[in-house]
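Data first, discussion second: the structure below is written as structure tokens.
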Amino acid sequence: MSLQVHPNISSLVPYSPGKPLDELERELGISNAIKLASNENPLGPSPKAQAILAGGVATLHRYPDGGAHYLRRALAERWKVSADQVIVGNGSDEVISLLIKAFIAPGEEAVMADHTFVMYKLSVQGAHGVPVEVPLKDWRHDLSAMAKAVTDKTRLLFLCNPNNPTGTMVSTAEVDAFLASLPEHVIVVFDEAYYEYVRSAEYPDSLQYVKQQRPVVVLRTFSKIYGLAGLRVGYGITTPEIVDYVNRIRPPFNANSLAQLAALGALEDEGHVAKSRANNEFEMNILEQGLTKLGMVVIPSQANFIYFDTKREGRQVFDALLREGVIVRHIKGSMIRVTIGKPEENRRFLEVFDGVLARLV
Ligand SMILES: *Cc1c(COP(=O)(O)O)cnc(C)c1O
């Protein structure tokens with residue numbers, strides 16, 4: 001019997017996760033590989049999150065709190081919204097899929113950039129929706145083109161801000177005008193996974209739009225600056241009405257108990273966040289200057305990674321770095337994305353990269 005698979009599924013390319021670090025080290029016969037590929041916090045998990053985790057181990061025989069009561073309450077207090085405006089997910093990845101599942105029926109559309117976080121397209125297509133991709137302009141979201149791409153069938157519009165992989169941002173003035181131009185049936189999803197790293201004063205306060213009761217969802221995560229990517233916990237803030245619809249299809253125990261506990265600890269650890277932000281800001285400058293000196297064209301970033309043009313076959317650059325134990329991300333063409341690491345990791349990356357470039361020309 002042959003499987004009957006819909007082309008929406010068979011045409012998808014599985015996400016390529018890369019090898020575990022220790023496996024790569026075994027293969028290369030080295031012990032000091034560095035991973036600057038997934039925009040993780042190089043300083044590690046928040047110590048407050050680590051300390052609080054131990055207390056949750058003895059009750060692992062219990063199902064998690066399906067309402068994520070304490071975490072939602074803490075988030076509501078932090079962001080000055082009510083707890084019924086908060087959805088917690090198994091990473092913000094899950095909140096993205098839940099929004100799609102709740103609002104996109106087969107054949108309905110979601111507008112997104114053509115060069116952005118891959119999960120939007122994957123999840124929309126996986127739900128038999130239609131991803132409508134709008135090219136970036138100067139590496140930034142082209143908001144007027146995105147507004148023009150909206151039709152009667154558009155249900156969601158994804159705005160990754162700052163954008164992954166480019167690190168670029170759209171401003172308050174731009175977003176104000178954009179939202180005013182959209183029809184009311186479109187839910188705008190602001191994916192702010194890198195919110196805590198942004199330095200620009202022009203960065204929109206997207207929660208204001210939620211507080212004005214517009215159909216807007218703001219996504220944040222504990223996977224980036226809070227250093228909890230391995231536990232999988234993220235959240236959305238939106239109107240109670242949108243939360244209510246998502247809750248109808250949300251698996252009841254989607255956020256595990258240790259993730260909820262650790263997130264509570266991390267949220268209070270302002271010291272760790274400040275330290276992580278300071279490392280990022282300082283090291284971002286060093287990497288930007290180092291890469292520019294090596295002749296790279298660097299796109300100014302508001303996040304914890306840099307996207308740059310190697311003007312060479314990116315796959316070859318990626319492979320050559322990998323062979324020396326430096327893992328970055330090749331997305332397409334000549335572009336490479338590198339996560340800001342610890343000072344010694346960034347120095348090593350620049351050194352190895354210098355050598356790689358000399359060999360590849
Ligand atoms: C890393 C990232 C996320 C976070 O995903 P989690 O599922 O919360 O780990 C979401 N959106 C973007 C754009 C990201 O880069």
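If you go through segment 53-98 and keep only what is charged (D, E, K, R) and either farther than 16 Å from ALA266 by Cα or touching a helix residue (DSSP H, G or I) at 6+ places or on another chain (Cβ under 7 Å) (or both), you end up with ARG62, ASP65, ARG72, ARG73, ARG78, LYS80, ASP84, ASP93, GLU94. Taking the condition of being under 15 Å from ASN247 (Cβ atoms) and among the aliphatic types (A, V, I, L, M), how many residues in segment 72-99 meet it? Matching residues across segment 72-99 total 7. Taking the criterion of being of a type in the set (S, T, N, Q) and in a loop (DSSP other than H, G, I, E, B), the residues of segment 1-38 that qualify are SER2, GLN4, SER11, SER16, SER31, ASN32, SER38. Taking the criterion of being within 11 Å of the ligand (Cβ to nearest atom) and part of a loop (DSSP other than H, G, I, E, B), the residues of segment 208-224 that qualify are PHE222, SER223, LYS224. Checking each residue in segment 225-243 for being out of contact with any Asp or Glu (no Cβ under 8 Å at 6 or more places or on another chain) and either away from the ligand (no atom under 16 Å from the Cβ) or small (Gly, Ala, Ser) (or both) picks out GLY230, GLY236, THR239, GLU241, ILE242. When VAL352, VAL297, VAL326 are checked against the criterion of being aliphatic (A, V, I, L, M), surrounded by 21 or more Cβ atoms within 10 Å (Cβ to Cβ) and in the same structural domain as LEU28 (by TED's automatic domain parsing), VAL326 stands alone in meeting it.
Is it true that some residue in segment 321-334 is aliphatic (A, V, I, L, M), outside any helix (DSSP H, G or I) and either within 21 Å of ARG140 (Cβ to Cβ) or at pLDDT below 95 (or both)?
There is at least one residue in segment 321-334 that is aliphatic (A, V, I, L, M), outside any helix (DSSP H, G or I) and either within 21 Å of ARG140 (Cβ to Cβ) or at pLDDT below 95 (or both).
Residues that are more than 16 Å from the ligand (Cβ to nearest atom) and in contact with a Gly (Cβ under 8 Å, 6 or more places away or on another chain) within segment 45-90 comprise LYS48, GLN50, ALA51, ILE52, LEU53, listed in sequence order.
Residue by residue, here is whether (1) assigned by TED's automatic domain parsing to the domain that holds HIS115; (2) closer than 24 Å to ARG140 by Cβ; (3) at pLDDT 95 or above holds:
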residue	(1), (2), (3)
GLN260	yes, no, yes
GLU281	no, yes, yes
ILE286	no, no, yes
LEU291	no, yes, yes
ASN304	no, yes, yes
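If you check GLU133, GLU77 for being assigned to a helix (DSSP H, G or I) and surrounded by fewer than 23 Cβ atoms within 10 Å (Cβ to Cβ), only one passes: GLU77.
Condition check ((1) in contact with a His (Cβ under 9 Å, 6 or more places away or on another chain); (2) more than 12 Å from the ligand (Cβ to nearest atom); (3) touching a residue at least 12 places away in the same chain (Cβ under 8 Å)) across all residues:
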position: GLY107; (1), (2), (3): yes, yes, yes
position: ASP114; (1), (2), (3): no, yes, yes
position: ARG140; (1), (2), (3): no, yes, yes
position: THR151; (1), (2), (3): no, yes, yes
position: LEU157; (1), (2), (3): no, yes, yes
position: ASN163; (1), (2), (3): yes, no, yes
position: THR166; (1), (2), (3): yes, no, yes
position: ALA177; (1), (2), (3): no, yes, yes
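Being touching a residue at least 24 places away in the same chain (Cβ under 8 Å), closer than 30 Å to LYS121 by Cα and in the same structural domain as VAL338 (by TED's automatic domain parsing) holds for only one residue in LEU28, LEU75, LEU21, LEU98, and it is LEU21.
With respect to the stated conditions, ARG323 fails to be within 18 Å of the chain's Cα centre (by Cα) and touching a residue at least 40 places away in the same chain (Cβ under 8 Å). Would you call ASP93 in a helix (DSSP H, G or I), in contact (Cβ under 8 Å) with a residue 24 or more places away in the chain and either within 15 Å of the ligand (Cβ to nearest atom) or small (Gly, Ala, Ser) (or both)? Yes, satisfied.
The values are calculated or read from the model by the stated rules, or taken from the named source; none is laboratory data. Source: prediction; values computed, not measured. No Cβ is skipped: glycine too gets one built from the backbone with ideal geometry, and neighbour counts run over all protein chains shown.
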